[in-house]
Amino acid sequence: MIELAPSVLSADFARLGAEAQAAVEGGATVLHVDVMDGHFVPNITIGPPVVASLRKVSKVPLDCHLMIERPDEFIPAFAEAGADWISVHREACVHLDRTLHLIAAHGCKPGVVINPATPVHAIDEVLPLVHHVLVMSVNPGFGGQTFIRSSLKKIELLSNIRESRRLGFRIEVDGGIHRDTVADVVRAGAEILVSGSAIFEQGNPSENARQLLKSALDAAKQPVQDLSSAVAGAADGANSLSLP
Ligand code: DX5
Ligand code: ZN
């Protein structure tokens, strides 16, 4: 099942409730909340009070993506504020297994996130514990960045691992998802699509959500043999750095 999870980071914070609701009216079924601490990532965003306000105006699951150091200290406050899903970065958690259990103990669905430079195998041991794996397709910290194509191979690998190990986690992707990239991530196996600037930056969030979801659902209907070209593009190093 494909779901759209608009990232409210790109919304107009003065009109947050209305913008979030508009995206839901356009077909979004999850709201993605980007929490940044100015340490783990070079930006500061929002905390539990904003989650509590969103909780009052929306019934869809609130997907809190914690881009923070020492997440264990803040998980109780996000759960109390009304978070449904809480994901933490592999790179930020020394005791990841403990942190994922802590999230579950607070009644939330635990997720693990990997940055573009982190391999899928770094989370092998925790895959049976998580509700979702979030593959970052940009370096976290800001909305509006360019999609990193090597994330397609990671999504495909996760999908294969899930099948071979008979696991049940869902695959989410975050960063640079818009009308030109959404088909490739869906064909690679992503099911929960985070999108910020493509939903909120211009025009009407409702209509933007509707169109992006339609593109995703159309891609999901296409035959699987189309996949090879998308993933091959990633292997070609379409995003490789050009060094002097
Ligand atoms: C990046 C955040 C993303 C971001 C997505 O650190 O985790 O959720 O807001 O924004 P777009 O869709 O504009 O890349
Ligand atoms: Zn995010």
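Since every read-out is calculated from the coordinates, none of them should be taken as a lab result. Source: prediction; values computed, not measured. Note that each Cβ is placed from the backbone with ideal geometry, even for glycine, and that neighbours are counted across all protein chains shown.
At a glance:
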read-out	value
Test: residue in segment 42-55 that is away from ligand 2 (no atom under 16 Å from the Cβ), in a loop (DSSP other than H, G, I, E, B) and surrounded by fewer than 18 Cβ atoms within 10 Å (Cβ to Cβ)	no
Number of positions in segment 2-19 that are away from ligand 2 (no atom under 15 Å from the Cβ) and either surrounded by 21 or more Cβ atoms within 10 Å (Cβ to Cβ) or over 17 Å from the mean Cα position of the chain (by Cα) (or both)	8
Residue, surrounded by the most Cβ atoms within 10 Å (Cβ to Cβ), within segment 168-203, restricted to residues that are hydroxyl-bearing (Ser, Thr, Tyr) and within 13 Å of ligand 2 (Cβ to nearest atom)	Ser195
Which numbered condition Ala22 misses (of (1) more than 14 Å from ligand 1 (Cβ to nearest atom); (2) touching a strand residue (DSSP E or B) at 6+ places or on another chain (Cβ under 6 Å); (3) part of a helix (DSSP H, G or I))	(2)
Given (1) part of a strand (DSSP E or B); (2) closer than 25 Å to Phe200 by Cα, index of the condition Gln145 fails	(1)
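Yes/no per residue for (1) in contact (Cβ under 8 Å) with a residue 40 or more places away in the chain; (2) of a type outside the set (Ser, Thr, Tyr):
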residue: Ile75; (1), (2): no, yes
residue: Ala79; (1), (2): no, yes
residue: Ser87; (1), (2): yes, no
residue: Ala92; (1), (2): yes, yes
residue: Leu127; (1), (2): yes, yes
